[in-house]
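Quick note: the coordinates plus some simple rules give every number you see, no bench work behind them. As the structure is a prediction and not an experimental result, all values here were calculated from the model. When we count neighbours, we look across all protein chains shown, and the Cβ atoms used for this are built from the backbone with ideal geometry, even at glycine.
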Protein chains: 2
Amino acid sequence: MPTLDVFFEFASTYSYPATSRVEALCAEAGIAMRWRPFLLGPIFRDQGWNDSPFNVYPVKGQYMWRDMERICGKLDLPLQRPSQFPRNGLLAARVACAVAAEPWCGDFVRAMYRANFAEDRDIARPEVVGAVLEALGQKSEPILERAGTQETKDRLRLETDEAVRLGVFGAPSFVVDGELFWGNDRLEDALAWARRC
Amino acid sequence: MPTLDVFFEFASTYSYPATSRVEALCAEAGIAMRWRPFLLGPIFRDQGWNDSPFNVYPVKGQYMWRDMERICGKLDLPLQRPSQFPRNGLLAARVACAVAAEPWCGDFVRAMYRANFAEDRDIARPEVVGAVLEALGQKSEPILERAGTQETKDRLRLETDEAVRLGVFGAPSFVVDGELFWGNDRLEDALAWARRC
């Protein structure tokens, strides 16, 4: 059975419900998964946007927040519209890169999304990322240091390049055996695809 | 129980699977529905696009066609990527406006989508729209004439204005009791909303 690659970006709203569900669903189905943090910024800039498309197109943004309310309501996931959107997820993404192989990476990913979309905390700030790590029982200092190394920076850049190569243009995206699925609402299809492979 | 308003545009790919399903699903659930043809062109122009966003953003377009293959495959709906995209759905939309109250309106809508997305016929041409009407056992001439009247033109313009007022920015969109749902993949949510109302 192939691996399900989960491409996510910490600023992305729909990545919040998706990352809250994907690890448990994969475990249940016996599907191996990988956390693949990447950045949407460079991809959006190539499309001519300097901001989230939900800000560039406010009518779409207004719908998205209402849609998120409905989705999170169904999942019993707390949601508080952040006072700043989008927030810069660069540091959090570098940390996710640095700890991608740790068994608690999923806990970190989910806690960062909660911080941004349920607790209205500024995930761009090292203190916030550090506090989230400490709350998970991790020593934040060496991890934040590792997140700042050239190796980690290069790795995140490579992840973004790889996402582009695979046809990713938004988040969350799931890739199974070269097949691309975009959006929280395509997660079940991606899981079904993995089962059939 | 409120009415489910189905806002659709003949050039819209995802409106094809949605319009193929919605009437039967509403009948099954005992939900009243209305066909609300509208035009995306003026809405897209307001966002700065002179073309389908799937052409403006080719990576997104490539994904959409693959996604459509998967969706139509699941629904056993024939799909042939049209040699021209998007096709001008103005005449078909005017006809849909003119016959919106007829019991066979759904048959007309579905047959037009099949013509465009399964049979690669140019739905912008009056001969094609006329042939679809005749195949449904209708006399095409008086209907095409009615589609060209100022009254019908104004009605379609009002439908588009009303769609914008309701927050519609893409197709298909469903509106139930003021609540907006966007996309074929939100049809089940819209039906559930109607049932709860």
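Where nothing but the Cβ of Lys and Arg (+1) and of Asp and Glu (-1) is charged, how large is the charge dipole of region A:4-196 around its Cα centre, in debye to the nearest 20?
With Lys and Arg at +1 and Asp and Glu at -1, about 260 debye.
Only alpha carbons enter this Debye calculation for region B:51-105, each as an equal point scatterer, and the log10 of I(q)/I(0) it gives at q = 0.26 Å⁻¹ is -0.98. A simple charge model with +1 on the Cβ of Lys and Arg, -1 on the Cβ of Asp and Glu and nothing else charged puts the dipole of region B:25-77 at about 80 debye relative to its Cα centre.
The charge dipole of the protein assembly as shown, taken about its Cα centre with unit charges on the Cβ atoms of Lys, Arg (+1), Asp and Glu (-1) only, comes to about 180 debye. Relative contact order for chain B: 33 percent, from Cα pairs under 8 Å spaced at least 6 residues apart, divided by residue count.
When Rg and the Kirkwood radius Rh are both evaluated on Cα atoms of the protein assembly as shown, their ratio Rg/Rh stands at 1.02. With springs connecting C-alpha atoms under 10 Å apart, model chain A as a Gaussian network and identify which of A:49, A:182, A:35 has the largest mean-square fluctuation. Ranking A:49, A:182, A:35 by mean-square fluctuation puts A:49 first. Take residue A:157, move 7 Å from Cα toward the beta carbon, and the resulting point lies 5.5 nm from the same point in each other copy, nearest first. One quarter of the surface of the convex hull around the alpha-carbon atoms of region B:107-158 equals 3.8 nm², the direction-averaged projected area. In region A:4-196, a dipole from Cβ-located charges (positive for Lys and Arg, negative for Asp and Glu) runs towards its positive end, and of A:42, A:168, A:62 it is A:62 whose Cα lies farthest in that direction. Selection among B:52, B:97, B:20 by position relative to the dipole of the protein assembly as shown gives B:52 as farthest towards the positive end (Cβ unit charges, Cα centre). Across the options A:77, A:11, A:191, the greatest Cα extent toward the positive end of the charge dipole of the protein assembly as shown (unit charges at beta carbon of Lys, Arg, Asp, Glu) belongs to A:11. Placing a label point 7 Å from Cα along the Cα-to-Cβ axis, residue A:30 is separated from the same position in the other copies by 4.3 nm, shortest listed first. Partners of residue A:74 within straight-line reach, counting lysines whose Cα lies under 30 Å from its Cα and excluding those fewer than 8 residues away in the same chain: A:60, B:60, B:74.
When the Gaussian network model of chain A links Cα atoms closer than 10 Å, the mean-square fluctuations of A:183, A:89, A:73 top out at A:73.
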